[in-house]
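Have a look at the structure below before the remarks.
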Amino acid sequence: MSRGSPSGSRNVGVERLLQAFRRKGRRRGGDHPTPEILAAYQANELTADENAAIQEHFLHCRECPETLLDLREFSHPRENDTAELSDTWLTLAWQRLRARIARESDRVGPCRWVATPRRALVACSCLLAVLLGLASWVAWLHTEMRRLSRPQINFPVATIELGAPGTEPLGVVIPASAERFLLVVVAPPDLVGRQESRARPPAALRRTGSRGYGLELVTHRGQAVWNGDGLTLDASGSLTLDVPRRLLPAGAYRLRILNLEGGRREEVAARELILSYRRASAATRGQHPAAKGVS
Amino acid sequence: MHDDQQERLRAALETLPDEMRRCFLLRYVQGFDEGEIAVLMKLRIETVRLRLFQARGRLGVAGVTVREPERGG
């Protein structure tokens, strides 16, 4: 028994369909409800009896429940549902995506490698490390330049009096110093023991009349560690030169004095040396550092 | 299924309320799941589960054993 139409404005066509549906025998399925009736059933526009009739029809029919479920899906799609896509739509979507990727690549250009945040961070870190290294190196260069340009006082002096030619090596003890250069004063052998002739060049050198001399320091293996040309005798008849300390670590050397007249390099004096360094004691600190090597 | 069993099932189904019977038949004859039955019967899914549980209980009392069907009956 009908409980009254829930909606007074039900479609006349739907009403007629329902009447036809009822006449066909709903218990045995009979004629199937149309999609319009099913839509009305889903929208709660039918009476209770009509709902019951349709539900009874569902028990004997397979198509109508499927149709109603499809209507339900269409009107109330579930969130996780994904619609089936046609091949044409997929192809078009893929072409659009490729075109977009190509445009993005062209726009980024040379900076493509740092497009990702992680790569950009790595690049910035490397650049920062390089900049810090360069800054440190420049600062060190400035410090070195200031230190090198600062006039050096209190040169450690190594006076080497060659004396008479001998076979034993001459021991030279040099005071330890923080300075960079070592002042070496070489007294040729003819001046030793003759104070009055210190103002005169030694005989060997006087004889040649050379205006320039060369001095060579070689290791016991024959490797040259320092050489200087164009040296001239001072008032005391000695050759004075400054040598970087780093070139003269403690060890055995051979000192050679060369005559450079006429472009030749003639050895006029030579001596084996053994250099050693002595740390300044508390008593000698502040005094003028001097060393002597006397044969 | 034997005739006597079918008769027993039919008699048991007739004793069920309409809503319960329809839920039972849609589930174990037509093979719809609980969510689909809820849509077809315009019920909440919890109500459908309850009706099925009740129907199984009553049929079990009547000596009818129910097993889960495959989809499509």
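The values are calculated or read from the model by the stated rules, or taken from the named source; none is laboratory data. What you see is a predicted model, and the numbers here were worked out from it, not measured in a lab. We place every Cβ from the backbone using ideal geometry, glycine too, and count neighbours over all the protein chains shown.
Among the residues of the stretch A:32-63, what is the count of those that are among the charged types (D, E, K, R) and at the interface with chain B (Cβ under 8 Å from one of its Cβ atoms)?
Residues meeting the conditions: 2.
Please tell me if A:E63 is modelled with pLDDT of 80 or more, closer than 30 Å to B:R10 by Cβ and loosely packed, with under 11 Cβ neighbours inside 10 Å.
yes
Go through the stretch B:9-26 residue by residue and tally those that are of a type in the set (D, E, K, R) and more than 11 Å from every other protein chain (Cβ to nearest Cβ).
Total meeting the criteria: 2.
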